[in-house]
Amino acid sequence: MAAAWQDVVRDAAAVREAAAVAVDAALLAGVLMRTGEQPHASDVVNYAPFTLLPSAVPQALFEQAYAVQQDFNLLVDAISQNKEFLEQTLASTIKVDDFTARLFRIYMQVLEEGLAQTVFLGINRSDYMFDCGLDGTAALRQIEINTIAASFGGLTSRTADVHRLVLKVLGKTEEASNLLPNNPAKRLALGIAKAWELYGSQRAVVMFLVEDVQRNIFDQRCIENELWNRNIRVVRKRFRDVFEQGSLDASRRLYMDGQEVAVVYYREGYVPQVYDQQNWEARLLLERSRAVKCPDIATQLAGTKKVQQELSRPGTLEKLLPGRPEAIARIRATFAGLYSLDEGEEGDRIAARAIAEPDRFVLKPQREGGGNNLYGEELREVLEKIKDSPERTSYILMDKIKPQPALNYLLRAHSPLQMSECISELGIFGVYVRQGQELVLNQAAGHLLRTKAIEHADGGVAAGVAVLDTPYLV
């Protein structure tokens, strides 16, 4: 924890008073989620979980994360256009991972038919932790890049104001003024609006493709309201609605209930459980359409863990981003150690090493949404079971990052107020728009800091483990 908070973090009376103010401020600011008991109702809500105090983040690493985001936008876009790279990289994965295989089949089908889509919109979030070396210096290490349904750009736009007030209540007025402004919702909406404009139909709508259970609806509404403020009409639909109401005309324009759709913004579709046969058919219909998909299926595949691991191989970045040595150096500087578990001598050696030293690594399946990674004894057990099976190629192995813990209070509805040792994860949002081969927008779009108690190895805010936070640069 930054020295600035040491004098208050153990002052029980001051903490209690600040926590009461913080909760009311969060409700007032709209840092909200629906409740687990009534996930379909907006008349019973509570505050989204957040830290009492903003967490210290090294300024140099924060600036490094921002500086590389446009490079990552370029990289994701380049991967999405490179059929040969995706085919080769995912060849082993699609043999054993049915979900990735089905996405890949749709991708190939759409390519064979010929892309109707001409405008491409990417909204991604690159997530990092601060790896503490033996000498105490911290390094920025990328955990993953999320290319579909990267969430909390809305609620994090409102969290800094809460922390600003908390610091003032605690007598830290100067520190409160140092918290950075942050509004990813506005910038993400700007990207969606640009794609809508380039699509070229004033009457067409933006469709948010959403989950059946929408506890995190207010996060989405922040972006949605920014679009309404630009007089862009937004509709919210589920896969089931697409299956029942969706159609394509002769030009492969997408219609929902008779309304033309310019942009499909996915906040759903990243986990296998949501897909039954109808939903797969709905996904294919969307991908075949002329509508701007965010992401299109190639960009979703670009975010798989197997692609992440392949990017760390020598020479791969040079092939994907020719003539951009500075961008490549910035990207490579964020990589943690990543290892392939493909069949063969190299994969055998890596698997044996991880079984022998499980606490050094993280085992990652091809899944988004948090809570899927394996650590320690669980990692060893799973690898022991699959080490001689092709199934191991559906995972990648990554060096375990060891951040420096700090003391904070995690505020959750109906939970006691107690101090925890915590670690944080920094996400940088990126947005880009490409029309044909021309990149018309490429920006870092804001940041998200999530913090959790050290006893939780994996999981984000939506998974109920991490909480929203604000960086305090040191």
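Go through the stretch 117-148 and count every residue that is closer than 24 Å to LEU439 by Cα, open to solvent by 20 Å² or more (accessible area, probe 1.4 Å) and in a loop (DSSP other than H, G, I, E, B). Total satisfying the criteria: 1. Cβ-Cβ contacts under 7 Å between residues 6 or more apart (or on different chains), taken from a first residue in the stretch 141-165 that is farther than 22 Å from LEU53 by Cα to a second residue that is among the aromatic types (Phe, Trp, Tyr) and open to solvent by 10 Å² or more (accessible area, probe 1.4 Å), are listed as GLN142/PHE335; ILE148/TYR270; ALA149/TYR270. Has the stretch 152-174 got any residue that is open to solvent by 60 Å² or more (accessible area, probe 1.4 Å), modelled with pLDDT under 95 and closer than 24 Å to SER424 by Cα? No, the stretch 152-174 has no match at all.
Looking across the stretch 275-293, the residues that are open to solvent by 30 Å² or more (accessible area, probe 1.4 Å), under 27 Å from GLY191 (Cα atoms) and outside any loop (DSSP other than H, G, I, E, B) come down to LEU284, LEU285, ARG288.
Comparison of GLY269, GLY200, GLY258 shows that the only residue that is buried (at least 17 other Cβ atoms within 10 Å of the Cβ), on the phi > 0 side of the Ramachandran plot, assigned by the TED database to the domain that holds ASP98 and not polar (S, T, N, Q) is GLY269. Within the stretch 325-342, the set of residues being out of contact with any Lys or Arg (no Cβ under 7 Å at 6 or more places or on another chain), assigned to a loop (DSSP other than H, G, I, E, B) and at pLDDT below 90 comprises GLY337, ASP342.
Note on the stretch 98-116: residues that are closer than 26 Å to ASN73 by Cβ and either in a strand (DSSP E or B) or under 22 Å from the mean Cα position of the chain (by Cα) (or both) amount to 5.
Residues that are surrounded by fewer than 16 Cβ atoms within 10 Å (Cβ to Cβ), in a loop (DSSP other than H, G, I, E, B) and modelled with pLDDT of 95 or more: does the stretch 203-220 have at least one? Among the residues of the stretch 203-220, at least one is surrounded by fewer than 16 Cβ atoms within 10 Å (Cβ to Cβ), in a loop (DSSP other than H, G, I, E, B) and modelled with pLDDT of 95 or more, which makes the answer yes.
Counting only helices (runs of 4 or more DSSP H) wholly contained in the stretch 1-89, the ones carrying 2 or more residues that are among the polar types (S, T, N, Q) occupy 59-67, 69-80. Of all residues in the stretch 298-324, those that are of a type outside the set (Gly, Ala, Ser), farther than 18 Å from SER151 by Cα and either outside any helix (DSSP H, G or I) or touching an Asp or Glu at 6+ places or on another chain (Cβ under 8 Å) (or both) total 8.
The values are calculated or read from the model by the stated rules, or taken from the named source; none is laboratory data. Since the structure is predicted, the reported quantities are computational estimates derived from the model, not experimental observations. Cβ coordinates were reconstructed from backbone atoms using ideal geometry, including for glycine residues, and neighbour counts include every protein chain displayed. Protein only, heavy atoms only, side chains kept; ligands, DNA and RNA dropped before computing areas. Shrake-Rupley method; radii C 1.70, N 1.55, O 1.52, S 1.80 Å.
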